[in-house]
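The values are calculated or read from the model by the stated rules, or taken from the named source; none is laboratory data. Bear in mind the structure is a predicted one, so any value in this text is a computation, not a measurement. Please note: Cβ atoms are built from the backbone with ideal geometry, for glycine as well, and neighbour counts cover all protein chains shown. Accessible surface is based on the protein model in full, side chains and every heavy atom, while ligands, DNA and RNA are left aside. Shrake-Rupley method; radii C 1.70, N 1.55, O 1.52, S 1.80 Å.
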Amino acid sequence: MSVSGYDYASGDLLESPHTYFFSPFDGASFLRAWQQSRLEAATELASGLDDDGACVLPAARVGEPPTLVYLRATLALLEGEGLDADGWRHFDCLLRNFEAKRRLYDDYAAGFVSRGRLDHLDLRVYAAFGAVVAAAARQRSTLRYTNALLKVADILCACRTRVAIEWTPVVGAVLARERAIVTAIAARLGVVW
């Protein structure tokens, strides 16, 4: 069990992803444990949880995995002119794949079939995916994107000691956006925690 009591953000989630199948909800104490877990992660990453709206990825480098290149372009579109219908459909295919496997691969063939069985360990891909899902959740306000954001944030928090230093601000921004979205949903529903 984690220090906070929120177990979904602990363990090696890259190798043994949570299924979240029939996950119990423990009311306000669950939300407080989630919040404490995220505060611990943000503190360790030396980033705050204030959502300033910016999520800037580190400069692109030659040889980045194709999925990371795709996520960079998608984030730029979401934070700029927006995605067209085909862009949303394409991203939703990646989202469905993540929802089913809780993994993001470096490269995919047609139909989002991974090209490699062991290429799901690059935390840059998860951080960029978190940034894209957070931007999508803000624009579309559907539970589907928020759900994926919570799950990718669990992975990022569980693996935070392995996040490259230049990507820690991205993870911090993802956690801040996640917190802002969850706080807004809780306020809208009158949930006190």
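Among the candidates VAL191, VAL163, the residue that is β-branched (Val, Ile, Thr) and either open to solvent by less than 10 Å² (accessible area, probe 1.4 Å) or at pLDDT 90 or above (or both) is uniquely VAL163. Across region 64-83, which residue is surrounded by the fewest Cβ atoms within 10 Å (Cβ to Cβ) among those that are over 14 Å from ALA136 (Cβ atoms) and of a type in the set (D, E, K, R)? Per the stated criteria, the residue is GLU81. Scoring ARG140 on the criteria (1) out of contact with any Lys or Arg (no Cβ under 7 Å at 6 or more places or on another chain); (2) in contact (Cβ under 8 Å) with a residue 40 or more places away in the chain; (3) among the basic types (Lys, Arg) leaves a single failure, condition (2). The set of residues in region 32-48 that are among the charged types (D, E, K, R) and either under 17 Å from ALA186 (Cα atoms) or buried (at least 21 other Cβ atoms within 10 Å of the Cβ) (or both) comprises ARG32, ARG38. Could you list, ordered by first residue, the pairs with Cβ atoms under 6 Å in which the first is in region 105-121 and farther than 21 Å from LEU156 by Cα and open to solvent by 40 Å² or more (accessible area, probe 1.4 Å) and the second is assigned to a loop (DSSP other than H, G, I, E, B) and modelled with pLDDT under 95, at least 6 apart or interchain? What qualifies is ARG115/ASP107.
Identify the residue in region 1-18 that is exposed (fewer than 15 other Cβ atoms within 10 Å of the Cβ) and in contact (Cβ under 8 Å) with a residue 12 or more places away in the chain and, among all such residues, is farthest from LEU149 (Cα to Cα). Checking each candidate, the answer is VAL3.
Condition (residue is of a type in the set (Ser, Thr, Tyr), closer than 21 Å to LEU75 by Cβ, more than 10 Å from the chain's Cα centre (by Cα) and open to solvent by 30 Å² or more (accessible area, probe 1.4 Å)) applied to region 136-155: is it met by at least one residue? Yes, region 136-155 contains at least one residue that is of a type in the set (Ser, Thr, Tyr), closer than 21 Å to LEU75 by Cβ, more than 10 Å from the chain's Cα centre (by Cα) and open to solvent by 30 Å² or more (accessible area, probe 1.4 Å). Among the residues of region 103-135, not one is on the phi > 0 side of the Ramachandran plot and either under 13 Å from the mean Cα position of the chain (by Cα) or of a type in the set (Val, Ile, Thr) (or both).
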